[in-house]
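First the structure, in the form of structure tokens, and then the observations on it.
The values are calculated or read from the model by the stated rules, or taken from the named source; none is laboratory data. This is a predicted model, so every value here is computed, not measured. So basically every Cβ, Gly included, is an ideal-geometry build from the backbone, and we count neighbours across all protein chains shown.
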């Protein structure tokens, strides 16, 4: 079993979907990644920052899931990062209503001493310089570094992003972001170009259309579970990344064949995340439920053509 | 081995894509379905209509692929159905430039006598009354009737379409059409509503995002093979349907598990269709190439998670 370092936001979200709206609730990339990774019984630590307004019960919630929160800095006279967004009727696009960086503006991540030799590092969506500074603190070279990012950093910090991308093994990115980063419409060609930037493995997230894993000439396609109702897509991408990184940390196997399984675990966990607002579903998700849905994924994708 | 009746257009197409444009070339739903079905060494007959302008060499091409063309009526003083379209840069949408129905306007399909007991009937995209008249001519109830349709018939002949949909086993329809037919955004809910209209099996085609097969609570998801370059999507949906129906006719097995295989065969054949303009790739496609790509589909989708 390996140790997992998770860096990312721990935040307040206020979400509006066609099904309703929330007040300020628990959110943030590191939160979703941590909740997903907690299903693998690994040693995991979250590295983040919050303000004095952040409830202790939220930190306890993560601790109860065996996420080490000693790397979450609390700025008592500061405010926690806040994001508010509204989803359109198709649930595939959203408008950001509010972004208050607050304490995040001066975030200098500090990796806990006993996690500086972690085998797996999950760099959640953050400024690429913050992501890079986490890598700088590792005393031994991690077995696998996974990075998630978004178009925002391509717009305002492209060179920093390219610099950190050079240093990682796996990038998770959505289809539009892959196209923006490479200028290529075909995801196959985009993945090739991203390989050339550094990452040996490229995961392209396509929302309701699933996720693609590329490694040179090899490809794997995991569908998203078709759902009668998507309640709130917030955090699905982070949950996917957390499931992916958590599974790799648990198994310690970075082969392409095992990464296929990691993608399936990520998709499985993400399929729960969208069933309720925010982190609600992930807070109360049993291993039995995960197991049952993995079987559904098998039935959804596996076939038995005799190839002679 | 079963007999397969194919009804659909045999046509001239003129196609424009970002990669170039064609003169009038061979096209039509029955043509693509027939070329796909020819890979299964079954007895298949095309039922269609063309004008005196239709080259004998195109009929010979189908005959050479073991498609019985005796049910293709030739109206010597008439003209062949002609369609012209232009694809947008994303290749996912297109404008119809020209539609000349010509002989298709008075098409009364006649099923060849020795095919009136065919076990599998593939009703390609045509006016629903024409599709129904083919079913009326069958002397024994087919084991499986597959119907393909499009939004055009929902706009101008919805009740006729609903009437024929009641009589079929499998519908193949794209995602937008499934939404239009049912008024439901979720494809899971749309499929349930289509089940209630009659078909026990619903195949929803999602273009580059693959295809979904529904049977009550059961679901199967076949991805499209991610391609570096889509050259011309014309006929991909018909090729998918032809591969599906052809595989069922060959195996004579209409179980859900075997339909999964049929969907994979359909997806595999469709992945070739888009590689060149029109029917060009399908005219020269070897069984070895198909076999090799089926293996790619396995690698693309199959995984080995131990579920204990």
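Within the stretch B:63-105, take every residue that is in a helix (DSSP H, G or I) and free of Cβ contacts under 8 Å to residues at least 40 places away in the same chain and give me the one that is nearest to residue B:152 (Cα to Cα).
B:105
Would you point out which residue out of B:135, B:123 is in contact with a helix residue (DSSP H, G or I) (Cβ under 9 Å, 6 or more places away or on another chain), more than 14 Å from chain A (Cβ to nearest Cβ) and surrounded by 21 or more Cβ atoms within 10 Å (Cβ to Cβ)?
Matching residue, one of B:135, B:123: B:123.
Please determine whether any residue of the stretch A:280-292 is in contact with a strand residue (DSSP E or B) (Cβ under 6 Å, 6 or more places away or on another chain) and either touching a residue at least 24 places away in the same chain (Cβ under 8 Å) or within 13 Å of chain B (Cβ to nearest Cβ) (or both).
No, because not a single residue in the stretch A:280-292 is in contact with a strand residue (DSSP E or B) (Cβ under 6 Å, 6 or more places away or on another chain) and either touching a residue at least 24 places away in the same chain (Cβ under 8 Å) or within 13 Å of chain B (Cβ to nearest Cβ) (or both).
Those residues that are within 19 Å of residue B:107 (Cα to Cα) and out of contact with any helix residue (DSSP H, G or I) (no Cβ under 7 Å at 6 or more places or on another chain), I need them from the stretch B:32-54; list them, please.
Scanning the stretch B:32-54 gives B:52, B:53, B:54.
Could you please find all residues in the stretch A:267-279 being within 12 Å of chain B (Cβ to nearest Cβ) and either in contact with a strand residue (DSSP E or B) (Cβ under 7 Å, 6 or more places away or on another chain) or surrounded by fewer than 15 Cβ atoms within 10 Å (Cβ to Cβ) (or both)?
A:267, the sole residue that qualifies.
State all residues of the stretch A:182-202 that are farther than 21 Å from residue B:90 by Cα and crowded, with 22+ Cβ neighbours inside 10 Å; if no residue qualifies, say none.
A:199, A:201, A:202, listed by residue number.
Might you check whether a residue that is surrounded by 24 or more Cβ atoms within 10 Å (Cβ to Cβ) and either part of a strand (DSSP E or B) or under 15 Å from the mean Cα position of the chain (by Cα) (or both) occurs anywhere in the stretch B:174-181?
no
Does any residue of the stretch B:245-258 turn out to be touching a strand residue (DSSP E or B) at 6+ places or on another chain (Cβ under 6 Å), within 14 Å of another protein chain (Cβ to nearest Cβ) and surrounded by fewer than 22 Cβ atoms within 10 Å (Cβ to Cβ)?
yes
Among the helices (runs of 4 or more DSSP H) lying completely within the stretch A:246-308, list those that include at least 2 residues that are farther than 22 Å from residue A:203 by Cα and modelled with pLDDT of 95 or more.
A:280-283, A:287-301
Out of the stretch A:138-156, which residues are surrounded by 19 or more Cβ atoms within 10 Å (Cβ to Cβ) and out of contact with any helix residue (DSSP H, G or I) (no Cβ under 7 Å at 6 or more places or on another chain)?
Within the stretch A:138-156, just A:142 meets the criteria.
Could you tell me which residue of the stretch B:226-244 is surrounded by the most Cβ atoms within 10 Å (Cβ to Cβ), considering only residues that are in contact with a strand residue (DSSP E or B) (Cβ under 6 Å, 6 or more places away or on another chain) and assigned to a helix (DSSP H, G or I)?
So the residue we want is B:241.
Mind checking whether some residue in the stretch B:228-237 is in contact with a helix residue (DSSP H, G or I) (Cβ under 7 Å, 6 or more places away or on another chain), within 8 Å of chain A (Cβ to nearest Cβ) and without any contact (Cβ under 8 Å) to a residue 12 or more places away in the chain?
Yes: one or more hits.
Looking only at the stretch A:1-10, count how many residues are surrounded by fewer than 24 Cβ atoms within 10 Å (Cβ to Cβ) and under 17 Å from the mean Cα position of the chain (by Cα).
Final tally of qualifying residues: 1.
When the stretch A:195-206 is examined, which residues are found to be more than 10 Å from chain B (Cβ to nearest Cβ), in contact (Cβ under 8 Å) with a residue 24 or more places away in the chain and not in a loop (DSSP other than H, G, I, E, B)?
Answer for the stretch A:195-206, where residues must be more than 10 Å from chain B (Cβ to nearest Cβ), in contact (Cβ under 8 Å) with a residue 24 or more places away in the chain and not in a loop (DSSP other than H, G, I, E, B): A:197, A:201, A:202, A:203, A:205.
Can you pull out the residues in the stretch A:210-225 that are surrounded by fewer than 20 Cβ atoms within 10 Å (Cβ to Cβ) and in contact with a helix residue (DSSP H, G or I) (Cβ under 9 Å, 6 or more places away or on another chain)?
Within the stretch A:210-225, A:215, A:216, A:218 meet the criteria.
Give me the residue from the stretch A:34-61 that is part of a helix (DSSP H, G or I) and under 22 Å from residue A:79 (Cα atoms) and, out of that set, nearest to the chain's Cα centre (by Cα).
Top of the filtered list is A:34.
If I filter the stretch B:214-221 for residues that are part of a loop (DSSP other than H, G, I, E, B), modelled with pLDDT under 95 and more than 12 Å from chain A (Cβ to nearest Cβ), do I get at least one hit?
yes
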